[in-house]
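Structure first, then comments.
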Amino acid sequence: MAAGCAPLVLGSALGGAFVASDRRTSGTQLEDKSIEIKAGSRIRDTVSIGAHVNATAYNRVVLLTGEVATEADRAAIEQAVARIENVQSVVNEIAVTEVSSFGSRTNDTVINGKIKASFVDARDMFSNAYKVVVERGDVYLMGLVTEREAMRGAEVASGVSGVNKVVKVFTLITEDELARRTPAPAPAPAASNP
């Protein structure tokens, strides 16, 4: 095997593990990625310089965060993104204010990391069920979760230092739906006696 192929093989194996642990179907995951790419393009085409907007898609729901100069820009972005094929709904959390500073964005990245680490540390949570977005200290939680998981995720996230508020942008599923989406554990390998 060529030396350059190892990262690709390893990356494919790791990527497959993340796809398998995601509650969305692989088709929905691909659609969400496509929606994010198209949304980024539409945002750039819609807004002039002086804006900072992010589009995050999860289960065909698009969360818009960031800052723009005018209410008209905010509305135009929402309309442009809502017209993208396969978008079911848009949650517009764009603020009409000055663009956030590099320091603010760095702080958001730190908060995001702390929340994800807290989710992993919480033994009663399936951390891969949550998508975390942080903007100006406001935390947005997305995912296919039960009401119990939604409440627990918000509780854990709100306990992280630097968090202003937690906004739940979940798609709620029942406990029965969760059981159907969760793969059965693999059987233990049979012991061999040599």
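Each of Phe126, Phe119 was scored by other Cβ atoms within 10 Å of its Cβ. Arranged with the fewest first, they read Phe126, Phe119. Placing a label point 7 Å from the Cα of Ser41 along the Cα-to-Cβ direction, the residues of segment 65-87 whose backbone N falls under 13 Å of that point are 84-85.
With both labels modelled 7 Å from their Cα along Cα-to-Cβ, the Thr70 to Val120 distance reads 4.5 nm. By the count of other C-beta atoms within 10 Å, a proxy for reagent exposure, Ser127, Ser21 are ordered fewest to most as Ser21, Ser127.
Sorted fewest first by neighbouring Cβ atoms within 10 angstrom, Asp124, Asp22 come out as Asp124, Asp22. Less than 5 angstrom separates the built amide H of Val167 from those of Val139, Tyr140, Leu141, all sequence-distant by 5 or more or on a different chain.
Close amide H pairs (under 5 Å, H built 1.01 Å from N) link Val53 with Glu67, residues at least 5 positions away or on another chain.
Computed from backbone phi, the HN-Hα couplings of segment 34-44 come to 4, 4, 4, 5, 5, 5, x, 5, 5, 5, 4 Hz, rounded to whole numbers (Karplus: 6.51 cos²θ - 1.76 cosθ + 1.60, θ = phi - 60°; Gly and Pro given as x). Each residue of segment 75-89 was assigned a 3J(HN,Hα) from its phi angle through the Karplus expression (A = 6.51, B = -1.76, C = 1.60, θ = phi - 60°), giving 5, 5, 5, 4, 5, 5, 6, 4, 7, 5, 4, 6, 6, 8, 7 Hz with x at Gly and Pro. FRET efficiency for the Thr25 to Glu98 pair, using the beta carbon distance and R₀ = 45 Å, is estimated at 0.70.
Could you tally the net charge around Glu177, taking each other residue with its Cβ under 12 Å from the Cβ of Glu177, Lys/Arg +1 and Asp/Glu -1?
Details: positive: Arg23, Arg180, Arg181; negative: Glu147, Glu149, Glu175, Asp176.
Residues close to Glu177 contribute a combined charge of -1.
Laboratory data are not the source of any read-out in this text; all were calculated from the coordinates shown. Owing to the predicted nature of the structure, the values given are computational and were not obtained by experimental measurement. Glycine gets a Cβ as well: all are built from the backbone with ideal geometry, and neighbour counts include every protein chain shown.
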